[in-house]
Amino acid sequence: MDKPDNMDADLWQYLSKPQQDLLREGHYLTNNIIRQSTFIFQDYSFLVFPYAKAYEGFLKKIFYDADFISHLDYISDHLRLGKLMSPNISDRLGERSLYIKIKEHINTELADMIWDTWRLGRNEIFHYFPHNLRSISITQAEEIINQLVRTMEEAYKGLKPFLKRGPLAVQS
């Protein structure tokens, strides 16, 4: 299978093979396994996981390719992308804040979109709290998946002029 139908071709070329594989697997799982099954799950969060993981990988890659993070940050097992993207602590982070970098280089709308998608598609899906088990329906899972893809497309369009490395880097 090539790229999922809902994916922009230019963005697809930019993604690494592991990121493409995650998106293909998520697309296959949703469209070929879940849609053909008669089993009803209580929580469809698992459908979001491959997309959320690809989103995180995409963000690390594009932030690195745009020189928003260093090579050491990119390969680090300790980089906390959510922390660096959070508008809530951007003032404390100063020049390390990805939220501020996106806001200054592109606009506040894209910075908010990237953060909101991170919060919705990752933080609210992955975390478990005994007092607040957030289960999502298949419709909600598909909405979150679409938001993850849409945000990757918008982030790619917005950051493309700043890419200094990667397969589609702007040549000066």
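Worth a mention:
- The single residue among Ile40, Ile33 that is part of a helix (DSSP H, G or I), among the β-branched types (Val, Ile, Thr) and under 20 Å from Ala141 (Cβ atoms) turns out to be Ile33.
- Unmet requirement for Thr30, which otherwise passes all of (1) buried (at least 20 other Cβ atoms within 10 Å of the Cβ); (2) at pLDDT below 95; (3) in contact with a Pro (Cβ under 8 Å, 6 or more places away or on another chain): (3)
- Verdict on Phe63 being aromatic (Phe, Trp, Tyr), farther than 21 Å from Pro4 by Cβ and open to solvent by less than 40 Å² (accessible area, probe 1.4 Å): yes
- Within the set Phe41, Phe58, the sole residue that is aromatic (Phe, Trp, Tyr) and open to solvent by 40 Å² or more (accessible area, probe 1.4 Å) turns out to be Phe41.
- Each residue in segment 43-66 was checked for being farther than 21 Å from Leu98 by Cα and assigned to a loop (DSSP other than H, G, I, E, B), and 2 pass.
- Residue under evaluation Asn6, criteria (1) in a helix (DSSP H, G or I); (2) open to solvent by 30 Å² or more (accessible area, probe 1.4 Å); (3) touching a residue at least 40 places away in the same chain (Cβ under 8 Å), criterion not met: (1)
- Listing of helices (runs of 4 or more DSSP H) fully contained in segment 85-172 that carry 3 or more residues being within 17 Å of the chain's Cα centre (by Cα): 98-105, 108-118, 138-159
- For first residues located in segment 91-111 and of a type in the set (A, V, I, L, M, F, W, C), partners that are open to solvent by 80 Å² or more (accessible area, probe 1.4 Å) and assigned to a helix (DSSP H, G or I) and lie 6+ apart or on another chain with Cβ distances below 7 Å form the pairs Ala111/Lys103.
The values are calculated or read from the model by the stated rules, or taken from the named source; none is laboratory data. It should be emphasised that the depicted structure is a prediction, and the values quoted were computed from it without experimental measurement. We place every Cβ from the backbone using ideal geometry, glycine too, and count neighbours over all the protein chains shown. The area values use the complete protein model at the heavy-atom level, side chains included, leaving out ligands, DNA and RNA. Shrake-Rupley method; radii C 1.70, N 1.55, O 1.52, S 1.80 Å.
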